[in-house]
Amino acid sequence: VPLARAGEFIQELSDVERIEVLRGPQGTLFGQNSTGGAINIVRKGPTREFEGKLEAMGTEDQDFLIRGTLSGPISDTIRGRLSVFKRDFRGYIRNYSNNGSTGDWLGGSDSYGAVGKLDVDLTDRVTVALSADYRNATHGMTPQIAQVSEGFDFNFNGKDDRIEALGNGDFALGSTIYADPFKASVSKRGDEMKDTSWGVQADVTWNVDDSGLVFKSITAYRSFDD
C-alpha cells in the first residue's frame, strides 16, 4: 500500500519487522510511482504466542516518548496485535523574533497514534490479514533562518542587511541571533501545523494448491490531512 505523501512516513511506532530498500524500477510488484525504486516497510504481524513490550524515553531537551505493543491469539483461528504511542517534544530552536522577543520554541511535536492488526484463518488455505492505523500530530514547521546575503547594506543605513533581517528590524536582536543561529529563528506568526493520517487494509492470501500457486489480494484506503 503506497504512502503518497512524505508526511505519512513520520511515525513514532517502532513495531517494524524489516525495511527493504529496492533499487531500480519496481512497477511490476509495487505499481506506479516506483520508477526509481521503492522503500518497503513491513510491520510485525500478530503472533501465535502472547508477547508484549513497553518502552519509555526522556531527554534533557524535553523530548518524552512512551510506546507499547501487545500481541497474541484471540481464538484458535484469530490472532491480534496492537501498538500505541504518545510523544511530546518541546522543540529545538528558539524563535526570538516572534513579535520581537517571545523566545518560543519551534520544531516541536505533540502526537499520538496506534496500529491494530488481525489475522483470521478462514480455512486451511485462506487467510485474511486486517489492519488499521491512526496518527494525530500538532507539530512545528521546519524552522528557517532568513535567506539574506551577508555584507550587504541595501537599506543604506550602515547596518548589515542579514543581521537586521534576523532581528526583524532590531539590529541588536539580530546580532544576538546571528551569533548563535542554531538557537534562533525568524517567524512573525509562530509555529504550528496539524496533521492526521489513517488507513485501513485487507490482505487476502489463498494457497490454491500444494504446488506453491498463491492468489493474493490487497485492498486499502488511506487518508492524510495537513
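The values are calculated or read from the model by the stated rules, or taken from the named source; none is laboratory data. As the structure is a computational prediction, the values presented were derived from the model and not from experiment. A quick note on method: Cβ atoms are made from the backbone with ideal geometry, for glycine too, and the neighbour counts reach across all protein chains shown. Please note that ligands, DNA and RNA were not included when accessible areas were found on the heavy atoms of the full protein model with its side chains. Shrake-Rupley method; radii C 1.70, N 1.55, O 1.52, S 1.80 Å.
Brief remarks follow.
- Value of relative contact order over the range 1-115, rounded to a whole percent, pairs C-alpha under 8 Å and six or more apart: 18 percent
- Computed E for V21/D124 - FRET, C-beta separation, R0 35 angstrom, nearest 0.05: 0.50
- Summing charges over neighbours of G68, with a neighbour being any other residue whose Cβ is under 10 Å away from its Cβ, gives +1 when K and R count +1 and D and E count -1.
- In this rough spin-label picture, where each label sits 7 Å from Cα along the Cβ direction, the N207-I74 distance is 2.3 nm.
- Estimated FRET transfer efficiency (E55, A220; beta-carbon r; R0 25 Å; 0.05): 0.35
- Net charge in the neighbourhood of E17 (other residues with Cβ under 10 Å of its Cβ; Lys, Arg +1, Asp, Glu -1) is +2.
- Cα gyration tensor shape for the range 45-84, rounded if a/c is under 1.5, else prolate or oblate: prolate
- The GluC sites (Glu not before Pro) of the range 41-77 that DSSP puts in a loop, and whose beta carbon has at most 13 other beta carbons within 10 Å, are E49, E60.
- FRET efficiency for the pair A132 and F156, taken as 1/(1 + (r/R0)^6) with r the Cβ-Cβ distance and R0 = 45 Å, rounds to 0.15.
- Accessible area per residue in Å² at 1.4 Å probe, computed on the range 1-129: 64 Å²
- Overall form of the range 2-142 per C-alpha gyration tensor (a/c, 1.5; a/b vs b/c): oblate
- Shape of the range 1-64, Cα gyration tensor, a/c cut at 1.5: oblate
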